[in-house]
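Below: the structure, in structure tokens.
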Amino acid sequence: MSFSLNLSFGDILNEKTRKFLFLKIGEYGVASRLTVERLETREPENKAETIIVFAKKLGKKTVAEFVHSKEICEIVKEWGVD
């Protein structure tokens, strides 16, 4: 099974919408295969914030890819990346 959802940051923060999404994610057993990607942002920190908030709401850990320096590592830690 394959499907796609287009969500706004507001959708993720909306408790009613979030509860519905979590119910469906659990119902279909797709939590382990869930990928979150934010496409319509210009600033990397906004993209990261959206993904981090959504992952935390799902009770999942986040991993930052392509961390190439100590400075970047500190920045992503500040954002809440595990």
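Checked against a 28 Å cut-off, the cross-linked pairs Lys19/Lys61; Lys16/Lys70; Lys19/Lys70; Lys24/Lys60 give Cα-Cα distances beyond that limit for Lys16/Lys70; Lys19/Lys70. Ranked by the mean number of other Cβ atoms within 10 Å of their residues, highest first, the peptides 15-23, 49-57, 66-74 fall in the order 49-57, 15-23, 66-74.
Throughout, read-outs are computed from the coordinates displayed, never taken from laboratory work. The structure displayed is predicted, hence computed values, not measured ones. Here the Cβ is made from the backbone with ideal geometry for all residues, glycine too, and neighbour counts use every protein chain on show.
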